[in-house]
Amino acid sequence: MKGRILVTGGAGYIGSHTTVELQNAGYEVIIVDNLSNSKVEIIDGIEKITGIRPAFEQVDCVNKAVLTTVFKKYPDIKGIIHFAASKAVGESVHKPLLYYRNNLVSLLNLLELMPEYDVKGIVFSSSCTVYGQPERLPVDETAPIQPALSPYGNTKQINEEFIRDAIHAGASYKSIILRYFNPIGAHPSAEIGELPNGVPQNLVPFLTQTAIGIRKELSVFGNDYNTPDGSCIRDYINVVDLAKAHVVAIERMLENRSDEQLEYFNLGTGKGLSVLQLINSFEQATGVKVPHKIVGRREGDIEKIWANPRRANEVLGWTAKETIEDTLRSAWNWQLKLK
Ligand code: UD1
């Protein structure tokens, strides 16, 4: 056993896949999740894949008193991977204070508790949204942070600042901030994946629900962008690839492989795909047609962004490996399982 890792939001989409990879690598995982956007059945799915049931505490990281009991119950937590957060961009515009409370107070509580319980490092789940529309593509970690377009995006920026300032002020722990591009797909076993919460806002869950007939038609938000086919471009990264990067990051901190106390990494494939290309890849990979129509642009959408993942490739020794076809097939198999 390599040590105990606290995974907040471990029943969620990226958190559950990361738990599997941590267990496969020999870590003992303690999941803290308030189940606000996840289901306890996902814990069963994790156990089916790895044969190990992670410890699970249904706790809201916003509640410091209750969160403290977790640190008391599990001494020797070596590191934290912090996923627990609200993540719907549109909802954050309508409920900004809810987003600020959930996403900011949770991290504050963890950062305050870490030195008290001698936790060595925290991996933070950030987003390429901090770059806004970058002037130069592909975007690397030195690109300027731009004003956030939503309260959700703002919480990611402020969270990054919390960590930066705490470390600047002499905090004892290390941190790695991972800026994800667009995570998609599911575990190849189809035991875990993204659980839809109402009408999906993200492209791939909406697409798979359309393909299976839950939704009539997928709307493509805009075909008049300055891109080859006019639809927006993103860097879609396989969720299992993404999960594996967290294992490398936690190991790097706990084994002191770097002298830096704070590091930032882009996690993407380095390839941009348009919305229309992604629909086409899905149809090719699965043989299933996706009814779709072009509609107007979605407010707040960025035209094009894809990663320069070189730092992660060279410094972490991590590279996204899965093909887009396999990734989209995994999303489809998960949808078939959910029905
Ligand atoms: C957004 C956030 C990102 C966040 C992620 C997780 C921004 C700029 N991006 O990513 O930070 O981590 O959500 O929730 O805030 N699309 C359609 N039809 C649909 C849905 C989407 O055409 O029904 C298009 C969008 O216009 C976009 C692409 O598909 O071009 C991807 O959209 P989506 O999956 O929502 O992710 P982002 O907006 O890129």
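The values are calculated or read from the model by the stated rules, or taken from the named source; none is laboratory data. Just so we're clear, the structure is a prediction, and the values are computed from it rather than from any experiment. Cβ: placed from backbone, ideal geometry, glycine included. Neighbour counts: every protein chain shown. Note: areas computed on protein heavy atoms with side chains; ligands, DNA, RNA excluded. Shrake-Rupley method; radii C 1.70, N 1.55, O 1.52, S 1.80 Å.
Of note:
- Simple point charges give the picture: +1 on the Cβ of Lys and Arg, -1 on the Cβ of Asp and Glu, and for segment 186-250 a dipole about the Cα centre of about 120 debye.
- To the nearest ten degrees, helix 41-50 and the longest principal axis of the Cα atoms of the chain are 80 degrees apart.
- Amide proton proximity set for Y180, modelled H, under 5 Å, gap of 5+: S126, S127, C128, L267
- Rolling a 1.4 angstrom probe over the protein heavy atoms with all chains in place gives the chain an accessible area of 44 Å² per residue.
- Relative intensity of segment 62-158 on a log10 scale, I(q)/I(0) at q = 0.13, 0.20 Å⁻¹, equals -0.55, -0.99, per a Debye sum over C-alpha point scatterers of equal strength in the absence of solvent.
- Nearest-ten-degree value, helix 64-73 long axis tilted from longest Cα axis of the chain: 70
- In a DSSP loop and with at most 11 other Cβ atoms within 10 Å, the GluC sites (Glu not before Pro) in segment 70-146 are E135.
- Antiparallel beta bridges, as assigned by DSSP with both residues in the chain, represent about 5 percent of the total such bridges.
- Angle between the chain longest axis and helix 13-24 axis [Cα atoms, degrees, rounded to 10]: 60
- Amide H contacts for A84 (H built 1.01 Å from N in the peptide plane; partners 5 or more residues away or on another chain; cut-off under 5 Å): T8, G9.
- Surface share of carbon and sulfur [accessible, 1.4 angstrom probe, percent] for the chain: 49
- Across segment 97-173, Cα pairs under 8 Å and at least six residues apart give a relative contact order of 42 percent.
- About its Cα centre, the chain has a charge dipole of approximately 520 debye under the convention of +1 per Lys or Arg Cβ and -1 per Asp or Glu Cβ, with nothing else charged.
- Working value for the chain: equivalent-ellipsoid semi-axes of 31, 23, 19 Å, each the square root of 5 times a Cα gyration tensor eigenvalue, largest first.
- Inter-probe distance in nm under a simple model that places probes 7 Å from Cα toward Cβ, at V199 and E161: 3.4
- Here the gap between R101 and M1, fully extended at 0.36 nm per residue and compared with their Cα-Cα distance, gives a gain of 32.5 nm.
- Of K289/K337; K289/K339; K95/K293; K78/K304, pairs whose Cα-Cα distance is over 28 Å: K95/K293; K78/K304
- Amide N of segment 186-207 lying under 11 Å from the label point, which is placed 7 angstrom from the Cα of D326 along Cα→Cβ: 188
- Reachable aspartates and glutamates from K39, criterion Cα separation under 16 angstrom, eight or more residues apart if same chain: E47, E57, D60, E191, E194
- Value of [θ]222 nm, deg cm²/dmol, for the chain, DSSP H segments ≥ 4, -39500 (n - 2.57) each, nearest 500: -11500 deg cm²/dmol
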